[in-house]
Amino acid sequence: MHDVISLGIGEPDFVTPWRIREAAIYALEQGRTGYTSNLGLPRLRRSIASYVGRWFGVDYSPETEILVTVGVSEALDIALRAVINPGDEILFHEPCYVSYAPGITLSHGVPVPIPTTARDGFALRAEAIAARITPASRALVLNFPTNPTGAVLDRTEIEKIAALCVKHDLVVISDEVYAELTFPGHEHVSIASLPGMRERTIFLHGCSKAFAMTGFRLGFACAPAELTEAMMRVHQYAMLCASIIAQEAAIEALDSCREEMLRMREKYMERRNFVVAAFRNMGLPCIEPKGTFYAFPEISTTGLSSRDFAIRLLEEERVAMVPGDAFGPGGAGYVRCSCSTAMELIEVAMERIARFVDRLRVSTPGAHRPS
Ligand code: PMP
């Protein structure tokens, strides 16, 4: 289709900051084109250790506790494969990133979703986890700030969740890929930084979102040596190592690109403010995302399913968004709007969506504008 404004894909619209690209070019110029250690370049692992220590408050040894991966995607996969025995139950909150349930299934685990709701700001409650713990529970996957809802967890709730994990001896796989994109006024607390948690947490992070480096495919897993060793066994046979060029670029990103990251976050926040207000003006309830570059408006009052809404919006108004139930059944009645498009285009997209919603309200039986 032509003339489509995409609010669909979950990747920054910004090109990778120049100094990061320059580091990659320089690596090529120097002929740094070979394999690296399976764990990743020692220099990068030292950068990761100091970055995670500084911004997340957890210390990891670059020699034995950090593994560089091909994106958080690979880190997640090897973490699940290293931890899960067939039949283990793996808990995760939903709506959530699309890879969790299939990743668990591929590792012969049993996915156990824990629903979260808009009423609660899509926050995860320790009691909701406790209600689903059984003797087969093995691990809990967390993702805060959350794709697709933008939810974050406050310190009190994380502490309760941590206590629960200690009590039931759960491993935590914490996907914190959006951590830097937590908006001012909210605190990002890594569960790994809480007492008793470092030893049972696999911390996952990467450069895709904060540094607009999706195409570099660079992530990392930090965990106690025993867990890192277990993940290494999968990684060395499946992947060998991440690209050396991406690894050289990541050193630059982690060491010196805080300013660039903050400038991008500022833009995401402006866009978030604009789209949340626009959806609410259309009569579509939308909780304010506290992080990420997504908004998750509710569209059920239009009388359409998420899928029909997304398809008709695309066909009739040339705006792409993702149906909410792609992120689990709890996402039914919602759509995900990615604010990773220039403001000028977002403005046009919101006009188109408003026109579409108004038309639906006139023509669809059962559609209503909530008060
Ligand atoms: N985790 C979450 C929550 C994501 O949203 C994404 C990408 N959309 C990933 C992991 C994968 O990121 P990467 O590019 O580092 O593989």
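The values are calculated or read from the model by the stated rules, or taken from the named source; none is laboratory data. These numbers were taken from a predicted model, which means no experiment stands behind them. When we count neighbours, we look across all protein chains shown, and the Cβ atoms used for this are built from the backbone with ideal geometry, even at glycine. Remember, those area values only see protein heavy atoms, side chains included, never the ligands or the DNA or RNA. Shrake-Rupley method; radii C 1.70, N 1.55, O 1.52, S 1.80 Å.
Which of the residues that make up region 10-40 are aliphatic (A, V, I, L, M) and in contact with a strand residue (DSSP E or B) (Cβ under 7 Å, 6 or more places away or on another chain)? Working first, answer last.
In the first step, residues of region 10-40 are kept if they are aliphatic (A, V, I, L, M); the result is 15, 20, 23-25, 27-28, 39.
If the condition is that a residue be aliphatic (A, V, I, L, M) and in contact with a strand residue (DSSP E or B) (Cβ under 7 Å, 6 or more places away or on another chain), then Leu39 is the only one that fits.
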- Among the candidates Arg361, Arg312, which residue alone is out of contact with any Asp or Glu (no Cβ under 6 Å at 6 or more places or on another chain), at pLDDT below 95 and assigned to a helix (DSSP H, G or I)? Arg361
- Starting from residues that are part of a helix (DSSP H, G or I) and of a type in the set (Asp, Glu), keep the ones in region 30-81 and report whichever is most open to solvent (accessible area, probe 1.4 Å). Asp77
- Query: On the given criteria, is Thr149 of a type in the set (Ser, Thr, Tyr), open to solvent by less than 70 Å² (accessible area, probe 1.4 Å) and in contact with a strand residue (DSSP E or B) (Cβ under 6 Å, 6 or more places away or on another chain)?
  - Reply: no
- Do you know which residues across region 271-309 are hydroxyl-bearing (Ser, Thr, Tyr) and assigned to a helix (DSSP H, G or I)? Ser300, Thr301, Thr302, Ser306
- Could you list, in sequence order, the residues of region 272-293 that are open to solvent by less than 10 Å² (accessible area, probe 1.4 Å) and in contact with a Cys (Cβ under 8 Å, 6 or more places away or on another chain)? Val275, Val276, Phe279, Phe293
- Residues in region 163-175: is at least one within 12 Å of the ligand (Cβ to nearest atom) and free of Cβ contacts under 8 Å to residues at least 40 places away in the same chain? yes
- Within region 314-335, tally of residues that are more than 24 Å from Arg359 (Cα to Cα) and within 16 Å of the chain's Cα centre (by Cα): 3
- Query: Within region 111-154, which residues are small (Gly, Ala, Ser) and either assigned by TED's automatic domain parsing to the domain that holds Gly324 or part of a strand (DSSP E or B) (or both)?
  - Reply: Ser137, Ala139
- Assess whether Glu180 counts as being away from the ligand (no atom under 16 Å from the Cβ), modelled with pLDDT of 95 or more and open to solvent by 10 Å² or more (accessible area, probe 1.4 Å). no
- Can you give me the number of residues within region 82-97 that are among the hydrophobic types (A, V, I, L, M, F, W, C), within 15 Å of the ligand (Cβ to nearest atom) and in a loop (DSSP other than H, G, I, E, B)? 1
- Query: If you go through region 210-218 one residue at a time, do you hit one that is closer than 23 Å to Phe296 by Cβ, surrounded by 23 or more Cβ atoms within 10 Å (Cβ to Cβ) and within 16 Å of the ligand (Cβ to nearest atom)?
  - Reply: yes
- Item | Qualifying residue in region 125-139 (condition: touching a Lys or Arg at 6+ places or on another chain (Cβ under 8 Å) and within 16 Å of the ligand (Cβ to nearest atom)) | no
